[in-house]
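Below is one structure, written out as structure tokens, with a few remarks after it.
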Amino acid sequence: MNDKLVFAAQQYTSLLVFAIAFWGLGRTALACCNTRAYPVDRWLLQGLAIVLGLGLATVALQSIAAAGLLRRSSINLLLALGWALALLQLARSVRHGPATAATAAAAAQPLQVWPYALVPLALVVPLAVSALHPPYRWDELMYHLPHAREWAATGRLQINEWLRYPYAPANLGLLYAAGLIIRGDVFTHLLHALTGAMVALLVFRLALHHGGRLAACLAASFWILLTRDEFAAAHVDMGVSAFVFGGLIAHLQWERHRADRAWLVLSGLLLGCAAGSKYQALGLLPFFFGCIAIQPHRVRNLLLWSVSLAIPCIYWYARNFLLTGDPFNPLGGSVFGYGNWSAADMRYQLFDLKNAANWPEWFLWPAALAPLSAALRRNPAALRLQIFAAFGFAVWLVTSHYDRYLMPVFPVLSVLSAVVMVQTLQWVTGRLPSVMSEKASSPRARRAGGVLVAVAVSILSVNWWINTVPKQWRNVAANEAERNQILMGSVTSYGLGQTIQHQQLGRTYQWGLEGAIYYLPNPVYGDHFGPWRYRDMDGLSARQLAEKLTSQHYETLLVHRATVPGLEAKPEFTRYFTPIAESNGDKAYKVIPGPYADQS
């Protein structure tokens with residue numbers, strides 16, 4: 001128990017160091033923009049500063065890695081810069097004090113709001129524990145962490161052809177590489193969880209302004225429930241959501257004060273960070289383009305926005321175009337020509353997405369009723385939120401139809417859905433405004449409502465923690481023995497990877513073990529897509545399989561028993577393959593060279 005507590009303290013202390021550095025970078029950028037229209041809500045501003053600082057850190061890491069200087073000393077220097085800027089910003093805020101009476105009043109607001117923040121906080125605690133688990137989620141083991149590990153090991157931004165999506169934009173992957181260097185792979189979960197926590201804060205504050213405290217409580221809770229599985233994985237979706245949502249908030253600030261183009265620049269930078277992290281973010285950019293195009297001075301504004309948008313992401317798209325002819329490799333194959341993927345691979349990918357198609361959770365659907373609310377129609381910012389949600393949903397509907405790809409729109413849908421729910425309750429009962437509304441006339445009623453919420457949350461959170469936290473805590477590994485025990489039960493073929501870890505394998509092909517690549521000796525080739533696809537191996541006889549493998553200079557074959565059943569039953573299999581390791585039925589074979597080795 002003590003070892004686990006020490007491990008958790010080390011991880012979260014490192015996260016605090018990173019978060020303060022991010023805040024210093026982001027808050028300084030906001031101050032340097034000399035914006036005259038800071039939001040009155042200082043908590044919204046601080047959350048936005050951390051998201052912006054995180055984005056700026058990924059851009060800095062991109063330059064550092066491209067120069068081949070991605071090492072501990074460079075990362076520590078970036079963190080030190082962030083801390084120095086954070087101290088300067090703190091000194092400045094202490095020296096100047098609250099800028100206006102409005103910000104002074106906002107500073108006292110948490111005393112009224114905190115009981116409603118207890119619900120999302122209660123939901124986050126188990127997720128903060130689950131983030132300490134060793135990596136065992138499919139996508140993070142297949143390509144997110146393997147790419148980050150290669151960049152961390154080499155100190156440079158090389159292309160890892162043997163992994164899936166070797167040309168995909170990877171701003172957040174570079175952040176994970178930095179996390180691997182400083183604190184290890186579990187820390188990458190905490191970095192991803194930080195982006196999710198910042199979105200929860202921004203969602204809470206935005207819903208607070210549009211629907212009151214109860215709406216803020218519901219909206220933040222919706223976001224956390226929707227993304228609860230993401231807090232324990234080194235994926236990129238919550239990070240992309242943070243950048244998109246932050247970019248949307250900055251855009252709304254610019255629309256309120258169009259003369260202050262600094263917000264337009266910040267919006268472009270944050271959206272560029274999203275586009276530099278995942279291709280799906282590109283589908284949301286036409287919304288912002290259209291909003292800018294209908295405003296006065298559109299040419300100047302579009303040029304300014306486009307330049308700021310390009311800064312965080314142009315490296316990836318220009319590199320891809322120069323190296324492969326497809327800036328969106330592999331997604332642009334039908335237009336620019338196929339490279340490492342084929343047209344059949346793309347059809348297979350779309351077929352896979354079609355099989356995974358689903359719908360968002362029920363509590364997001366009330367957002368569709370937002371146009372019926374007179375209050376939301378009259379509010380220009382709320383109207384923009386509705387248009388963005390409708391646009392994002394439409395893009396998602398005609399592209400992936402897979403709920404994880406809708407995540408960048410979840411924050412806005414959560415806000416709208418929560419506001420609609422609260423307004424509906426107020427309309428039905430006619431009493432909620434006296435207790436739950438932001439404009440409640442009686443301080444005594446407000447305090448009573450806050451106490452009731454606090455008591456209810458305390459009861460629910462105790463039950464929630466009792467049922468979930470101990471289970472999550474058992475999967476926290478403070479040492480290598482505990483880690484191996486957890487991963488043996490969580491990761492397919494982890495045992496085989498450990499068995500062959502120190503063997504001389506030569507060039508290796510894996511068949512069906514793509515969900516464990518992070519724990520296999522690297523590089524290891526083989527995937528559903530790309531030049532080393534499994535489909536090319538299906539239906540081959542033992543001799544043909546050996547010929548194909550040896551013609552591509554493979555010396556070892558790793559096989560997942562459930563994916564490739566009956567392989568050893570092929571005639572003359574033992575003539576061409578010799579088993580060298582086994583774990584839980586998964587096997588490693590040495591390919592026996594023969595006179596067929598040079599034949600195609």
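The values are calculated or read from the model by the stated rules, or taken from the named source; none is laboratory data. Predicted, not measured: the structure shown is a model, and the values here were computed from it. Cβ placement follows ideal geometry from the backbone for every residue including glycine, while neighbour counts extend to all protein chains displayed. Accessible surface is based on the protein model in full, side chains and every heavy atom, while ligands, DNA and RNA are left aside. Shrake-Rupley method; radii C 1.70, N 1.55, O 1.52, S 1.80 Å.
Residues that are closer than 19 Å to Q426 by Cβ and either assigned to a helix (DSSP H, G or I) or modelled with pLDDT under 90 (or both) within the range 369-385 comprise L369, A370, P371, L372, S373, A374, A375, L376, R377, R378, A382, listed in sequence order. Filtering R483, R507, R543 for residues that are more than 30 Å from A177 (Cβ to Cβ) and either in contact (Cβ under 8 Å) with a residue 12 or more places away in the chain or open to solvent by 20 Å² or more (accessible area, probe 1.4 Å) (or both) leaves a single hit, R543. Of all residues in the range 287-306, at least one satisfies being of a type in the set (S, T, Y), within 24 Å of L61 (Cβ to Cβ), open to solvent by 30 Å² or more (accessible area, probe 1.4 Å) and part of a helix (DSSP H, G or I). Against the definition (over 23 Å from G173 (Cβ atoms) and modelled with pLDDT of 95 or more), how does V299 come out, yes or no? No, not satisfied. Within the bounds of the range 22-32, is there any residue that is touching a Leu at 6+ places or on another chain (Cβ under 6 Å), modelled with pLDDT of 95 or more and open to solvent by 50 Å² or more (accessible area, probe 1.4 Å)? Looking through the range 22-32, none of the residues is touching a Leu at 6+ places or on another chain (Cβ under 6 Å), modelled with pLDDT of 95 or more and open to solvent by 50 Å² or more (accessible area, probe 1.4 Å). Summed over the range 313-343, the residues that are of a type in the set (K, R) and either more than 18 Å from Q62 (Cβ to Cβ) or open to solvent by less than 20 Å² (accessible area, probe 1.4 Å) (or both) give a count of 0.
Checked against (1) in a loop (DSSP other than H, G, I, E, B); (2) out of contact with any Gly (no Cβ under 8 Å at 6 or more places or on another chain), L70 passes all but a single condition, namely (2).
For the range 133-142, the tally of residues that are open to solvent by less than 30 Å² (accessible area, probe 1.4 Å), under 16 Å from the mean Cα position of the chain (by Cα) and either of a type outside the set (D, E, K, R) or over 24 Å from M198 (Cβ atoms) (or both) stands at 3. In the set (1) in contact with a helix residue (DSSP H, G or I) (Cβ under 6 Å, 6 or more places away or on another chain); (2) farther than 30 Å from L350 by Cα, F529 fails one condition alone, (2). Residues in the range 328-348 that are assigned to a loop (DSSP other than H, G, I, E, B) and over 22 Å from the mean Cα position of the chain (by Cα) were compared, and the one that is farthest from G272 (Cα to Cα) is S342. Checking each residue in the range 137-154 for being at pLDDT below 95 and either part of a loop (DSSP other than H, G, I, E, B) or more than 27 Å from I486 (Cβ to Cβ) (or both) picks out only R137.
Of note, A250 satisfies the criterion of being in a helix (DSSP H, G or I), surrounded by 24 or more Cβ atoms within 10 Å (Cβ to Cβ) and among the small types (G, A, S).
A search for C-beta distances below 6 Å between a residue of the range 228-239 that is outside any helix (DSSP H, G or I) and any residue that is open to solvent by less than 10 Å² (accessible area, probe 1.4 Å) and among the charged types (D, E, K, R), counting only pairs 6+ apart in sequence or on different chains, returns A233/E140; A234/E140. You will find that of T574, T563, T556, the residue that is at pLDDT below 95, among the β-branched types (V, I, T) and under 22 Å from Q501 (Cα atoms) is T563 and no other. Evaluation of G594 against the conditions (1) modelled with pLDDT under 90; (2) open to solvent by 30 Å² or more (accessible area, probe 1.4 Å) shows that the sole unmet condition is (2). Within the range 111-127, the presence of at least one residue that is under 16 Å from the mean Cα position of the chain (by Cα), open to solvent by 10 Å² or more (accessible area, probe 1.4 Å) and at pLDDT below 95 is confirmed. In this entry, F393 is excluded by the filter for residues that are assigned to a helix (DSSP H, G or I), open to solvent by less than 40 Å² (accessible area, probe 1.4 Å), in contact with a helix residue (DSSP H, G or I) (Cβ under 9 Å, 6 or more places away or on another chain) and within 30 Å of Q349 (Cβ to Cβ). Could you please let me know if A569 is open to solvent by 10 Å² or more (accessible area, probe 1.4 Å) and either of a type outside the set (D, E) or farther than 24 Å from W162 by Cα (or both)? When the stated conditions are applied, A569 passes them. Taken over the range 349-368, the criterion of being modelled with pLDDT of 90 or more and part of a helix (DSSP H, G or I) is satisfied by W362, F363, L364, W365, P366, A367, A368. Of the set (1) free of Cβ contacts under 8 Å to residues at least 60 places away in the same chain; (2) buried (at least 17 other Cβ atoms within 10 Å of the Cβ); (3) under 38 Å from the mean Cα position of the chain (by Cα), all apply to R533 but (1).
Here's the yes/no breakdown for (1) modelled with pLDDT of 95 or more; (2) polar (S, T, N, Q):
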{"residue": "M488", "(1), (2)": "no, no"}
{"residue": "V491", "(1), (2)": "no, no"}
{"residue": "I500", "(1), (2)": "no, no"}
{"residue": "Q503", "(1), (2)": "no, yes"}
{"residue": "G515", "(1), (2)": "no, no"}
{"residue": "Y518", "(1), (2)": "yes, no"}
{"residue": "P521", "(1), (2)": "no, no"}
